[in-house]
Amino acid sequence: MTESWWKRLRIRARHRRYVVRSNPRWHRIYRIAVAVVGTVVLLCGLVTIPYPGPGWLIVFLGLGILASEFDWAHRLLKFARAKYDAWMEWIGRQHWSVQSVFWIGTCAIVVGTLWLLGALQTAAGWANLHYEWLASPIFS
């Protein structure tokens, strides 16, 4: 049953996409909307890469949205996925000490950006701890 539901949904989406492409005005508006949404999702993904969570998934989702309309984004998506897979395979083959260096580096980036954005001082304030060195140099 789910296959037929999914197939019907894809057929409807393709039909609507055909209707949009046949009207130059709607096609331009649709491409602009895809560009804006895809770019916003891609930028959110780039910001969240060093943080725990689905940073790379969001990047690939943003590129996938853009790739639905733009050939350059499709090529970039294929390239980025291949490089990501190669990187993960390479890091997986490394000694635990090399992997630890990358984990520590990632943690340093996360803590550094949280400090710059003032999140550490805010969290310390919740625990009623007040240390000057936690204050953000940007937002102090």
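Run the accessible area of the range 24-140 with a 1.4 Å probe and give the carbon-and-sulfur part as a rounded percent.
The computed percentage sits at 72.
Using Cα-only point scatterers and the Debye equation, what is log10 of I(q)/I(0) for the chain at each q in 0.10, 0.15, 0.16, 0.21 Å⁻¹, rounded to two decimals?
Log10 I(q)/I(0), no solvent term: -0.59, -0.95, -1.00, -1.25.
What FRET efficiency, computed as 1/(1 + (r/R0)^6) with R0 = 30 Å and r the Cβ-Cβ distance, is obtained for residue 124 and residue 61, rounded to the nearest 0.05?
Efficiency, rounded to the nearest 0.05: 0.35.
Hey, got the dipole for the chain? About the Cα centre, +1 on K and R Cβ, -1 on D and E Cβ, debye to the nearest 20?
1280
Report the relative contact order of the chain, percent, no decimals, based on alpha-carbon pairs under 8 angstrom and at least 6 residues apart.
Once normalised by length, the contact order is 13 percent.
Please compute the per residue accessible area over the chain with all protein chains in place, 1.4 Å probe, rounded to a whole number of Å².
79
Would you work out which of 36, 4, 48 lies farthest towards the positive end of the dipole of the range 1-49? Charges go on Cβ: Lys and Arg +1, Asp and Glu -1.
It is 4.
Hydropathy at least 1.0 by Kyte-Doolittle, axial extent at least 20 angstrom from the Cα trace: which helices of the chain, defined as entire DSSP H runs, fit?
Span-like helices, by this rule, are 24-48, 96-116.
The values are calculated or read from the model by the stated rules, or taken from the named source; none is laboratory data. The shown structure was predicted, so the numbers you read here are calculated from the model rather than taken from an experiment. Neighbour counts run over all protein chains shown; Cβ positions are idealised from the backbone, glycine included. Note: accessible area is taken over every heavy atom of the protein model, side chains too, but ligands, DNA and RNA are not part of it. Shrake-Rupley method; radii C 1.70, N 1.55, O 1.52, S 1.80 Å.
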